[in-house]
Every structure is written in C-alpha cells, then in structure tokens.
Amino acid sequence: MAENNAVTKLAYSIPEAAAAVSIGRSKLYLLIAQGRLETRKIGKRTVIPTASLLKLLDEPSDGGER
C-alpha cells in the first residue's frame, strides 16, 4: 500500500495565490484592499491563508468587474 505524504498548504505567497486562483497580482492586491482576502505577515513575507482563498472562491461572482 502506497503512503500519501502530501502536505496541505496552509498559506500562499502573493504570486502563488494569484496563480492558484488564476488572477493577476494587481487583481489580488485589489481584493486585499477591498478586504475580500486576508493576509498575514511572517517576518517580511506576506502570505494569504488557504482558508481566505477558499472563502473568496465561495463568494458569488462579481459579474466580471475589472
């Protein structure tokens, strides 16, 4: 029987988060400024908790607003 040693990612960097939800960094920063995404500072690094990304994806569509 094969073991599954996959680690669940708890947070994403800004570029990783943008890639994970297929949006640009500018849109990601806009969502942060709007309070729709939470961030955490770890030292100098800013990360976005996975739970915050999942919550964003569960929100109703914004109608394609740019």
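The values are calculated or read from the model by the stated rules, or taken from the named source; none is laboratory data. All of these numbers come straight from a predicted model, not from anything done at the bench. Quick reminder, even Gly has a Cβ in these numbers, built from the backbone with ideal geometry, and neighbours come from all protein chains shown. Ligands, DNA and RNA are excluded from the accessible area calculation, which covers all protein heavy atoms including side chains. Shrake-Rupley method; radii C 1.70, N 1.55, O 1.52, S 1.80 Å.
Could you list, in sequence order, all residues of segment 19-38 that are among the charged types (D, E, K, R) and either in contact with a strand residue (DSSP E or B) (Cβ under 9 Å, 6 or more places away or on another chain) or open to solvent by less than 60 Å² (accessible area, probe 1.4 Å) (or both)?
Across segment 19-38, the qualifying residues are 27, 38.
Provide a single number: the residues in segment 39-63 that are closer than 13 Å to residue 14 by Cβ and open to solvent by 70 Å² or more (accessible area, probe 1.4 Å).
5
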